[in-house]
Amino acid sequence: MNGACIFCDIAARAVEAGLVYEDADSIAFLDTHPLFPGHVLLCPREHYVTLLELPTRLTGPMFATTQLLARAVENALDAEGTFIAINNRVSQTVPHLHIHIVPRRRRDGLKGFFWPRQHYTDDAAREAVRDAIEREVQKLKT
Ligand code: 5GP
Ligand code: ZN
């Protein structure tokens with residue numbers, strides 16, 4: 001994509017973004033509004049909006065690079081772990097796929113504030129959802 005996408009501009013090195021890593025397929029840089037210092041965004045160089053559009057030739061390399069960056073962020077920030085996240089359309093503010101890699105520490109305040117959990121009303125409701133997803137998987141695989 002040309003012109004209209006900030007992450008394409010960063011990938012083209014037309015906009016400065018605090019790069020931490022780049023290779024032929026991807027680029028990683030500091031988030032301008034980090035959840036914690038060291039919050040990194042990893043993007044494919046090519047413009048894909050969500051994970052669902054990412055070609056399978058890139059899924060393996062992107063996942064391997066996510067592992068690399070998670071280790072690097074943990075070590076560099078002396079973190080106890082990481083939070084890895086992708087918003088797909090809902091809550092996605094930049095429509096160019098990006099993987100959030102966020103350093104975490106116990107009692108860092110992130111836990112729970114945006115993931116209120118629910119219960120299935122009963123076993124039948126749970127089974128209906130399980131069955132619907134399983135059927136869709138089978139359809140997509142054929
Ligand atoms: P989303 O809400 O789409 O999952 O995440 C988008 C992220 O991109 C946000 O965390 C936001 O702070 C970050 N962001 C938005 N614009 C820019 C920018 O121009 N440069 C950088 N480095 N990060 C940005
Ligand atoms: Zn883009």
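The values are calculated or read from the model by the stated rules, or taken from the named source; none is laboratory data. Because the structure is a prediction, the values reported are computed rather than measured. Side chains are part of the model used for accessible areas, which takes the heavy atoms of the whole protein and leaves out ligands, DNA and RNA. Shrake-Rupley method; radii C 1.70, N 1.55, O 1.52, S 1.80 Å.
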C-alpha center-to-center spacing [region 108-142, region 70-107] in angstrom: 22 Å
Residue-averaged 222 nm ellipticity for the chain, from DSSP H runs of 4+ at -39500 (n - 2.57), nearest 500: -11000 deg cm²/dmol
The chain: most fluctuating residue of 117, 45, 106 per GNM, C-alpha cutoff 10 Å: 117
Probe 1.4 Å, protein heavy atoms only - accessible area per residue of region 6-115 in square angstrom: 59 Å²
Rg followed by Dmax, in Å, when region 18-79 is reduced to its Cα trace: 12.0, 34
Where only alpha carbons of region 97-139 are counted, the Rg and the Dmax (Å): 16.6, 42
Relative contact order of the chain, pairs being alpha-carbon contacts under 8 Å that are 6 or more residues apart, as %: 21 percent
Rg in Å to one decimal, and Dmax rounded to a whole Å, for the chain via C-alpha atoms: 17.7, 54
